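Asker: Okay, here's the structure, questions in a sec.
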Amino acid sequence: SQSFYQQRDYKILPPAAGAANCSEFWPRFPALLELSVQSAICRPAPGECLRVGRAYVVRGYALSGGGRAVDRVEVSLDGGRTWALADIAAQPAGDWTAPRWAWVLWAFRIARVPPRCSIASRAWDAGGNTQPDAAVWNYRGVMNNAVFRVEPPTDAGPAL
């Protein structure tokens, strides 16, 4: 397409690209046509204070591109050292190998909120793709699908 967005927006340029030389890279790379697998945490909401020792349900969504189903979402409460499966709600019925073109909602129950709480989520899709631990830099900042992290305040003090 000759659309502005297809020619100058929806592209991942290489690390060598910057404001001074990006025009040489625009025609060399194709437009993005799929999203990377990603998840996001919606609850706790920004600024929401969690009560230490109490149960809490973390909630979010996940999606993947290319019609690949989200196979699972994992949540970590220890900076990514360990991961546990979240519950995925309202999965479409039928064959998991069939293409999926929608996001999924997920929930994860924390039995007892720790005094310092760091929550991370990552999704996996049917192609075995997952979210990288850290964002991969590119000039446009597109396709940033790194592990999603929140550090909500608790009634015991600020997060780590």
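Asker: Just one of (1) open to solvent by less than 70 Å² (accessible area, probe 1.4 Å); (2) of a type outside the set (Ser, Thr, Tyr); (3) outside any strand (DSSP E or B) trips up VAL58, so point out which.
Answerer: So VAL58 meets the others, but not (3).
Asker: Tell me which residues, restricted to the range 15-29, are under 27 Å from GLY66 (Cβ atoms) and either open to solvent by less than 70 Å² (accessible area, probe 1.4 Å) or modelled with pLDDT under 90 (or both).
Answerer: Narrowing the range 15-29 to residues under 27 Å from GLY66 (Cβ atoms): 15, 17, 22, 25-29.
Those that are under 27 Å from GLY66 (Cβ atoms) and either open to solvent by less than 70 Å² (accessible area, probe 1.4 Å) or modelled with pLDDT under 90 (or both): PRO15, ALA17, CYS22, PHE25, TRP26, PHE29.
Asker: Which one of GLN91, GLN38 is within 17 Å of THR130 (Cβ to Cβ) and either at pLDDT 95 or above or over 16 Å from the mean Cα position of the chain (by Cα) (or both)? Before you say what the answer is, go through the steps one by one.
Answerer: Details: GLN91 fails: within 17 Å of THR130 (Cβ to Cβ).
Answer to the selection: GLN38.
Asker: Could you check GLY66 against (1) open to solvent by 50 Å² or more (accessible area, probe 1.4 Å); (2) assigned to a loop (DSSP other than H, G, I, E, B); (3) of a type outside the set (A, V, I, L, M) and say which number it fails?
Answerer: So the condition that GLY66 fails would be (1).
Asker: Hey, can you tell me all the residues within the range 39-55 that are part of a strand (DSSP E or B), open to solvent by 50 Å² or more (accessible area, probe 1.4 Å) and under 30 Å from TYR5 (Cβ atoms)? Talk me through it step by step, then tell me what you get.
Answerer: Step one: of the range 39-55, the residues part of a strand (DSSP E or B) are 39-43, 50.
Those left that are additionally open to solvent by 50 Å² or more (accessible area, probe 1.4 Å): 42-43.
Scanning the range 39-55 gives a single hit, CYS42.
Asker: Answer with yes or no whether GLY127 is part of a loop (DSSP other than H, G, I, E, B), closer than 30 Å to GLN7 by Cβ and without any contact (Cβ under 8 Å) to a residue 60 or more places away in the chain. Full working, then the answer.
Answerer: Working: part of a loop (DSSP other than H, G, I, E, B): yes; closer than 30 Å to GLN7 by Cβ: yes; without any contact (Cβ under 8 Å) to a residue 60 or more places away in the chain: no.
Answer is no for this residue.
Asker: Is one or more of the residues making up the range 19-26 under 18 Å from TRP124 (Cβ atoms) and touching a residue at least 12 places away in the same chain (Cβ under 8 Å)?
Answerer: So in the range 19-26, the residues under 18 Å from TRP124 (Cβ atoms) come out as none.
No: zero hits.
Asker: Return the residues of the range 102-156 that are of a type in the set (Val, Ile, Thr) and open to solvent by less than 20 Å² (accessible area, probe 1.4 Å); say none if nothing qualifies. Spell out the reasoning first.
Answerer: Filtering the range 102-156 for residues of a type in the set (Val, Ile, Thr) gives 104, 110, 113, 119, 130, 136, 142, 147, 150, 154.
Answer for the range 102-156, where residues must be of a type in the set (Val, Ile, Thr) and open to solvent by less than 20 Å² (accessible area, probe 1.4 Å): VAL104, ILE110, VAL113, ILE119, VAL147, THR154.
The values are calculated or read from the model by the stated rules, or taken from the named source; none is laboratory data. These numbers come from a predicted model, not from an experiment. Here Cβ is always computed from backbone atoms with ideal geometry, including for glycine, and neighbour counts include all displayed protein chains. For the accessible areas, the whole protein counts, side chains as well, though only heavy atoms, and no ligand, DNA or RNA atoms are used. Shrake-Rupley method; radii C 1.70, N 1.55, O 1.52, S 1.80 Å.
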